[in-house]
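The values are calculated or read from the model by the stated rules, or taken from the named source; none is laboratory data. Here the structure is a predicted model, which means the values were calculated and not measured. With ideal geometry, Cβ positions are generated from the backbone for all residues, glycine too; neighbour counts draw on all protein chains shown.
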Amino acid sequence: MNYVIFDLEFNQDLPSLQIPGKMNLETNSLVVNKDGLSQYLYEIIQIGAIKLNSDFTTLATFNRYIKPTIYSNISPFITHLTRITTEQLLQEEPYFKVYESFIDFIGGSDSILCTWGMSDLKGLYKNAEYHQLDSKLLPRMFLNLQPFASTHFKLPGKHLLGLQSAVELLGIPIPFEFHNALNDSYYTAEIFKKIYNSSLQPNIYDPTFLFRRPRQRKKTVNYNQLLKQFEKIYARIMTKEEQEMIMLAYKMGRTNQFVEDARGIQDK
């Protein structure tokens, strides 16, 4: 059993979109969209990975850039963040070729994919589905190391550390820049070595799983009890006009029409 710690760099540049569709992020399918711009697929432009054995010895590394096919240009923001340029990627192989090489690098379904956060794991599957590649070749066992780092530092459950923050807190040397898929894989692997304990057990990733928030039960106001409370406060029976005014004021208050912020009463 090996651990494959991987990281991805993505691009999304809607002005240079080359296809008239969008990815449905829940079903992993391409949907033709009449009005255009909304939630298009984030295209993978770099895959970096480090393979460790069960003793945390490095067995191999993987670093491939990818020629884009969904967007013709790399977003200026992405170039600023990653230093990856459009011109650089035009010389690279397309996604399906790099995906095949990455599957070979992983070396079998018994490997455990390790990531910092879930976005890279989801992105790997979504890009495979978009390009009609066999996502079943990917291992289903995975470890999301980000929440384990928070547990290691005894942080509140919803407090998730960024990669660089975790590296600094653990005193890991920083010889490479962040926001490079191979470099970030290296840092994730170093974090893994530092925080590993027997509680880090892999889960099974199901790309078809859709998380839905439980529907909130509809709550209604008992206006009779509300009016009785006012009658108790004033020690008398409310007139019909007063009852109507109380109920109207309560309803208007629930719409936040009179909620104040630092600038005063909001205009509605």
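If the condition is being among the hydrophobic types (A, V, I, L, M, F, W, C) and modelled with pLDDT of 85 or more, then region 6-53 contributes 6, 8, 10, 17, 41, 44, 45, 47, 49, 50, 52.
For (1) modelled with pLDDT of 95 or more; (2) loosely packed, with under 10 Cβ neighbours inside 10 Å; (3) touching a helix residue (DSSP H, G or I) at 6+ places or on another chain (Cβ under 8 Å); (4) in a strand (DSSP E or B), each residue gets a yes or a no:
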{"position": "154", "(1), (2), (3), (4)": "no, yes, no, no"}
{"position": "190", "(1), (2), (3), (4)": "yes, no, yes, no"}
{"position": "210", "(1), (2), (3), (4)": "no, yes, no, no"}
{"position": "236", "(1), (2), (3), (4)": "no, no, no, no"}
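All told, residue 183 meets the bar of being in contact with an Asp or Glu (Cβ under 7 Å, 6 or more places away or on another chain) and not hydroxyl-bearing (Ser, Thr, Tyr).
Select from region 157-182 the residues that are surrounded by fewer than 18 Cβ atoms within 10 Å (Cβ to Cβ) and in a helix (DSSP H, G or I) and list them in ascending order. Selection gives 164, 165, 168, 169.
The test for being among the polar types (S, T, N, Q), modelled with pLDDT of 95 or more and either touching a helix residue (DSSP H, G or I) at 6+ places or on another chain (Cβ under 7 Å) or assigned to a helix (DSSP H, G or I) (or both) does not hold for residue 150. If you go through region 182-197 and keep only what is in contact (Cβ under 8 Å) with a residue 24 or more places away in the chain and farther than 11 Å from residue 5 by Cβ, you end up with 183, 194, 195, 196.
Scanning region 108-129 for residues that are of a type in the set (A, V, I, L, M) and either in contact (Cβ under 8 Å) with a residue 60 or more places away in the chain or buried (at least 21 other Cβ atoms within 10 Å of the Cβ) (or both) yields 112, 113, 121, 124, 128.
Against the conditions (1) on the phi < 0 side of the Ramachandran plot; (2) modelled with pLDDT of 60 or more, residue 56 satisfies every one except (1). With respect to the conditions (1) buried (at least 17 other Cβ atoms within 10 Å of the Cβ); (2) part of a helix (DSSP H, G or I), residue 97 falls short on a single one, namely (1).
For residue 56, the criteria (1) part of a loop (DSSP other than H, G, I, E, B); (2) farther than 21 Å from residue 177 by Cβ; (3) within 23 Å of the chain's Cα centre (by Cα) hold in every case but one, which is (3).
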